[in-house]
Amino acid sequence: MTIDVWIACYLLLAHFVSDFVTQTVEIGLKKSSDNEVLTKHITFLTLALIVLLLPLVSPVMAVVIAFTNGAIHWVTDFIT
């Protein structure tokens, strides 16, 4: 159970880093009104998440998880 908690904490940290640390002020301001900027944000997020997932899962699984997350995140940010 302890390992599961650490994995969950790592995934939260990976999401924080990939979503907020890689987001510039310009992206933060424009992503809700400019789909090109939103797509740039999601690209940075997805690439960062792939790298951050590699210590936990295989490269193929990291890509699958990151792209799935990216697609869901794009839709979420588009709506909000």
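The values are calculated or read from the model by the stated rules, or taken from the named source; none is laboratory data. Please read all numbers here as calculations on a predicted model, not as lab measurements. Positions of Cβ are backbone-derived with ideal geometry, glycine not excepted, and every protein chain shown enters the neighbour counts. Ligands, DNA and RNA are stripped out before the accessible areas are found, and what is left, the full protein with its side chains, is counted by its heavy atoms. Shrake-Rupley method; radii C 1.70, N 1.55, O 1.52, S 1.80 Å.
Quick notes on this structure:
- Of all accessible heavy-atom area on the chain, the percent that carbon and sulfur account for (1.4 Å): 76 percent
- Placing a pseudo-label 7 Å from each Cα along the Cα-to-Cβ vector at E26 and L47 gives an inter-label distance of 1.5 nm.
- Using only side-chain charges placed at the Cβ, +1 for Lys and Arg and -1 for Asp and Glu, the dipole size of the chain relative to its Cα centre rounds to 60 debye.
- For the chain, the per residue solvent-accessible surface stands at 68 Å², with DNA, RNA and ligands left out and a 1.4 Å probe.
- Extension gain, L13 to S33: 0.36 nm times the residue separation minus the Cα-Cα distance gives 4.5 nm.
- Residue order by solvent-accessible surface for S58, S32, S18 is S32, S58, S18, largest first, with ligands and nucleic acids left out and a 1.4 Å probe.
- Over the chain: helical MRE at 222 nm, DSSP H runs n ≥ 4 each giving -39500 (n - 2.57), nearest 500: -25000 deg cm²/dmol
- The share of C-alpha pairs in the chain whose separation exceeds 14 Å stands at 62 percent.
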